[in-house]
Amino acid sequence: MDEFLTIAAASKLIADKKLSPVELTQACIERVKQQDATLHAFILPTHERAMADARAAEARIMAGQSRGALDGIPIGHKDIYNTAGIRTTGHSRLLEHNVPDRDATVVRKWAEAGTVMMGKLSTHEFAMGGPSFDLPWPPARNPWNPEHFTAGSSSGTGAAVAAGFILGGTGSDTGGSIRGPAALCGIAGIKPTYGLVSRAGVLPLSFSMDHAGPMAWTVEDCALLLQSMAGHDAADPASADRSLPNFTADIAKGVKGLRIGVVRHFFETDNPVSPATLQGINHAVDVFEHLGADVRDATLSPLAEYHACGSIILTSEAYAIHEPWLKTRFNDYGELFRDRLAFGGFIRATDYVQALRRRRTLCEELKTAMAGFDILVSASQAAEAPLITEVPKWATMEKPSLTMPFNLTGYPAMSVCSGFGAGDLPICVQLIAKPFDESTLFKAGHAYETAMSTRERRPTLALQEAV
């Protein structure tokens, strides 16, 4: 089987008994064997486990006992998600031989949904330090051009989905770590509302800003994955206890009548994006307007205020988690992670408390601004993927993050591919909805993808030419 399939398409073929989960998994494994020596998307492939999962799924489906849309679908887990009996490293030397005895909640839920686990995926060290070249495993590379960056920290998931190694995978997002790789790898990725998806069993970075979410080729596929991820979990103190909608029920209803706000100053003034990225966002806005949405500009505080507030909180909380190891095993961390995190030891309690206070006012500001809108539009990355060897150590400090505002506030935000720019590398647009309104986000993203042709193009040429 040579063609690439979405989760939605593969699920229908499997349900109609026109595609075997075993055949689908074998095709994915073959791609991994041919290409992952170049892309390094996997830290640990689990091919034997994958084939066992696929055979079990096929047996269930043939017996009329399908578990639903994800039964027999090959997926991968970012290597900060604990997997029982399977190494979970955080892409760090400190956990090089760590083997958990129980699954993360999301890992368990996806297994119960019938997914086929292809393995553990590369990340930035502890979801923060990368791309690093001084760790036991190399960083993941971009399938559109392996000389270029994937963004982080869900780097392996972005690369693996784009390359067709998996049909979907887990990511985490503390300051943009789902939306960044989704943007640079040309896929879809959503950071759900804070508390919608359990983080139990996921290595923490910042307790008040960590989000778990899915990444896939299309918006619809993300909706299918989120359906089996979301839900209350008493093991996560921040988990929201509320009923779940059917995320795909209204996904094809379009955007007619939706009120869309464009936060132009974020990407035109506060952190000016590349010409192609700007053109892609403007075209997306035109598409929404053509489809019947009511589009107007929206104004928030400068991006730098959201970024500074979020960075202080993130770094302080991350330092609190890692302080014992930083004091005893400092040199076992990669250079990028330890240098970026060491700043946390110099942040005063006063600074952290004032950042928390400012966070409340920014949350109120966003709530007020969104009272007149259903979704907001911005950028999720400022430009096309840079060369992987030219990513500055302090890149996160040079310009304010376009994704940080929605980690700080906990609002659901999604990156969607909007075309291709310099070097034929992907460009993107970011869509933001109100808390727990992922359904509207999926509806808007799906309408945009359906109107475009970006999902028809895969990075096969770059993979074939990779050495």
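The values are calculated or read from the model by the stated rules, or taken from the named source; none is laboratory data. Computed from a predicted structure; not experimentally measured. Cβ sites come from the backbone with ideal geometry, for glycine too, and all protein chains shown count toward neighbours. Quick note on the areas: whole protein, heavy atoms, side chains included, nothing else; ligands and nucleic acids left out. Shrake-Rupley method; radii C 1.70, N 1.55, O 1.52, S 1.80 Å.
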Checklist entry - If S380 passes every condition in (1) within 24 Å of the chain's Cα centre (by Cα); (2) part of a helix (DSSP H, G or I) but one, which one does it miss? => result (2)
Next on the checklist: Could you go through the stretch 328-339 and let me know if any residue there is more than 19 Å from H124 (Cβ to Cβ), over 23 Å from the mean Cα position of the chain (by Cα) and open to solvent by less than 70 Å² (accessible area, probe 1.4 Å).
Outcome noted: no
Checklist entry - Looking only at the stretch 409-443, which residues are of a type in the set (G, A, S), more than 21 Å from N282 (Cα to Cα) and open to solvent by less than 10 Å² (accessible area, probe 1.4 Å)? => result G410
Checklist outcome for this item: Within the stretch 400-443, the residues that are within 16 Å of P181 (Cβ to Cβ) and in a strand (DSSP E or B) are A413, M414, S415, V416, C417, S418, P426, I427, C428, V429, Q430
Checklist outcome for this item: So, first residue within 14 Å of P435 (Cβ to Cβ) in the stretch 356-369, second residue at pLDDT 95 or above and open to solvent by 90 Å² or more (accessible area, probe 1.4 Å), Cβ within less than 9 Å, six or more apart or across chains; the pairs are A369/T299
Checklist entry - Of all residues in the stretch 347-370 being aliphatic (A, V, I, L, M) and open to solvent by 70 Å² or more (accessible area, probe 1.4 Å), which is nearest to I427 (Cα to Cα)? => result V353
Checklist entry - G257: in contact (Cβ under 8 Å) with a residue 12 or more places away in the chain and crowded, with 18+ Cβ neighbours inside 10 Å, yes or no? => result no
Checklist entry - In the stretch 378-395, which residue that is touching a helix residue (DSSP H, G or I) at 6+ places or on another chain (Cβ under 7 Å) and modelled with pLDDT under 95 is surrounded by the fewest Cβ atoms within 10 Å (Cβ to Cβ)? => result P392
Checklist entry - Are any residues in the stretch 192-239 touching a residue at least 60 places away in the same chain (Cβ under 8 Å), farther than 24 Å from R87 by Cα, part of a loop (DSSP other than H, G, I, E, B) and open to solvent by 20 Å² or more (accessible area, probe 1.4 Å), and if so, which ones? => result Y194, S208
Checklist entry - Which residues, counting only those in the stretch 444-458, are farther than 26 Å from E268 by Cβ and either in contact with a Gly (Cβ under 6 Å, 6 or more places away or on another chain) or in a helix (DSSP H, G or I) (or both)? => result H446, T450, R455, E456
Checklist entry - Does A249 count as within 20 Å of the chain's Cα centre (by Cα) and either modelled with pLDDT of 95 or more or at negative phi (or both)? => result no
Next on the checklist: Just checking, does the stretch 336-348 include any residue being part of a helix (DSSP H, G or I) and without any contact (Cβ under 8 Å) to a residue 24 or more places away in the chain?
Outcome noted: yes
Checklist entry - List pairs: first in the stretch 50-62 and under 15 Å from L19 (Cβ atoms), second among the hydrophobic types (A, V, I, L, M, F, W, C), Cβ under 7 Å, 6+ apart or cross-chain? => result A54/V22; A54/V116; R55/V22; A57/V116; E58/V22; I61/I14
Item to check | Verdict on R242 being open to solvent by 10 Å² or more (accessible area, probe 1.4 Å), over 30 Å from E30 (Cβ atoms), basic (K, R) and under 21 Å from the mean Cα position of the chain (by Cα) | outcome: no
